[in-house]
Amino acid sequence: MKALNAVVVKTLPLVPKPIVRRVASRYVAGETLDDALACVAALNAEGCMATLDVLGEDVTRLEETEETVVEYERALDGIAARKLDSNVSVKLTALGLKLDAAHCRRQFARIVDDARRHGNFVRIDMEDSSVTGETLKIYAEARQSYPRIGAVLQAYLKRSPDDAQKIAEAGGNVRVCKGIYVEPPKIAYQDPERIRQGYMELLEILLSSGVYVGIATHDPVLVERALVLLQKLSVPREKYEFQMLLGVARALRRRIVDDGHRLRVYVPYGRAWYAYSVRRLKENPAIAGHVLKGLFLGDGGREK
Ligand SMILES: Cc1cc2nc3c(=O)[nH]c(=O)nc-3n(C[C@H](O)[C@H](O)[C@H](O)COP(=O)(O)OP(=O)(O)OC[C@H]3O[C@@H](n4cnc5c(N)ncnc54)[C@H](O)[C@@H]3O)c2cc1C
């Protein structure tokens with residue numbers, strides 16, 4: 001199956017868009033804000049919190065960031081109007097970080113202003129290592145005027161324990177994840193078990209200093225280790241949450257919620273669903289098998 005999946009990944013661009021759409025429907029809430037809010041309402045009914053991500057292509061012109069800001073404002077307004085339990089996650093490159101950092105700061109400040117108006121929370125997703133330092137800087141600056149802002153640290157980056165120490169001293173809110181970008185061995189661990197060790201090191205630094213932590217993983221080994229650590233440090237339920245991507249590891253997600261832990265689902269939506277889905281499928285060849293099922297069984301490989 002592995003070899004077959006690799007072939008599917010290579011030939012993905014040839015897969016008809018309707019098939020990708022059927023498979024993607026598991027990982028993406030839909031194209032519109034209404035689709036996304038309906039998805040959040042369903043998750044809330046299941047006892048899960050959510051975070052909305054407006055899908056966007058890499059921007060090449062600063063004007064393109066306008067649409068993203070407006071959509072985040074609409075999302076925050078919609079969450080408030082429907083009294084949903086959801087915050088938002090924002091990628092700073094979609095606001096022009098790689099083109100003009102000052103412009104990005106201004107656009108981000110507009111989203112933060114809207115969140116402040118609603119008393120909601122904004123998470124800054126972490127992207128590739130070329131923007132790690134600047135992203136953490138913008139996070140720290142923005143928190144001075146509005147504390148309900150969170151950062152993300154990636155366990156594969158060798159610098160992350162130092163970044164965690166700094167946040168531990170200042171106080172804050174951090175999502176910990178393994179890291180999804182391809183990074184060179186000089187700056188990032190490659191060995192899966194070493195990345196897990198790095199992940200646990202970050203959790204220990206942050207949780208033991210009282211930082212609120214989002215434990216973002218679908219790896220059952222890490223979930224077990226995190227549960228042991230939470231118990232060892234007697235972390236209260238209000239000081240952490242688990243986080244998972246929409247459509248991934250739903251059985252594990254159910255178990256965590258049933259055991260009484262808080263869990264937030266990352267809900268991407270928007271017109272850029274195709275690019276996002278193809279990226280997800282390429283990142284995880286095992287999932288390419290679902291494309292095959294979609295092709296032959298017509299069920300989109302839906303999780304039972
Ligand atoms: C809520 C959330 C937010 C994230 N935010 C960021 C971020 O800001 N920056 C960043 O660099 N990375 C982010 N990530 C991605 C993260 O860094 C990992 O790449 C991803 O979660 C896979 O690592 P894992 O811990 O789930 O373990 P893995 O060992 O990679 O995965 C465990 C199992 O989960 C399933 N799985 C994992 N990922 C997927 C997927 N994408 N599609 C389908 N099945 C999958 C597979 O069955 C796999 O066997 C985020 C992840 C989550 C859950």
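A short reminder: the numbers here are calculations on the coordinates, not readings from a lab. In this text, all values refer to a predicted model and were calculated from it rather than measured experimentally. Reconstructed Cβ throughout: ideal geometry from the backbone, glycine too, with neighbour counts over all protein chains shown.
I need the phi-derived Karplus couplings for segment 257-265: 6.51 cos²θ - 1.76 cosθ + 1.60, θ = phi - 60°, integer Hz, Gly and Pro marked x.
The phi angles translate into 5, 4, 7, x, 8, 7, 9, 10, 9 Hz.
Under the Karplus relation 6.51 cos²θ - 1.76 cosθ + 1.60, θ = phi - 60°, what is the ordered set of whole-Hz ³J(HN,Hα) values for segment 200-214, x standing for Gly and Pro?
With coefficients 6.51, -1.76 and 1.60, one gets 5, 4, 5, 4, 5, 4, 6, 5, 6, 9, x, 5, 6, 10, x Hz.
May I ask you to give the average projected area over all directions of the convex hull of the Cα atoms of segment 12-168, in nm² rounded to one decimal?
For segment 12-168, the mean projected area of the Cα convex hull comes to 10.9 nm².
If the only charges are +1 at each Lys and Arg Cβ and -1 at each Asp and Glu Cβ, what is the size of the charge dipole of the chain around the Cα centre, to the nearest 20 debye?
700 debye
Taking the Cα-to-Cβ direction at Asp219 and at Ala101 and moving 7 Å from each Cα, how far apart do the two end points lie in nm?
Between Asp219 and Ala101, the simple spin-label model gives 3.0 nm.
Which loop chymotrypsin sites (Phe, Trp or Tyr not before Pro) in segment 30-137, with loop taken from DSSP, have no more than 15 other Cβ atoms within 10 angstrom of their Cβ?
Here no loop site has a sparse enough neighbourhood.
Starting from the Cα gyration tensor of segment 136-238, take the square roots of the eigenvalues, sort them a ≥ b ≥ c, and report rounded, prolate or oblate (rounded when a/c is under 1.5, otherwise prolate if a/b is larger than b/c, else oblate).
Here segment 136-238 falls in the oblate category.
For Tyr266, enumerate residues with amide H under 5 Å from its amide H, sequence gap 5+ or separate chain, H modeled in the peptide plane.
HN-HN under 5 Å from Tyr266: Thr51, Met244, Leu245, Leu246.
Over the chain, consider all pairs of different Cα atoms and compute the Kirkwood hydrodynamic radius from their mean reciprocal separation; express it in Å, one decimal.
Kirkwood hydrodynamic radius for the chain: 19.9 Å.
Taking the Cα centroid of segment 24-87 and of segment 220-285, what is the distance between the two, rounded to the nearest whole Å?
Here the two parts' Cα centres lie 17 Å apart.
Using the Cα gyration tensor of segment 13-88, with a ≥ b ≥ c the square roots of its eigenvalues, what is the shape: rounded (a/c below 1.5), prolate (a/b larger than b/c) or oblate (neither)?
Oblate.
Hey, with R₀ at 41 Å, roughly what FRET efficiency would Leu233 and Arg82 work out to, going by the Cβ-Cβ distance, to 0.05?
That gives a FRET efficiency of 0.70.
Where does the chain land at 222 nm, in deg cm²/dmol rounded to the nearest 500, when only DSSP H runs of n ≥ 4 count, each adding -39500 (n - 2.57), divided by all residues?
-16000 deg cm²/dmol, from helical runs alone.
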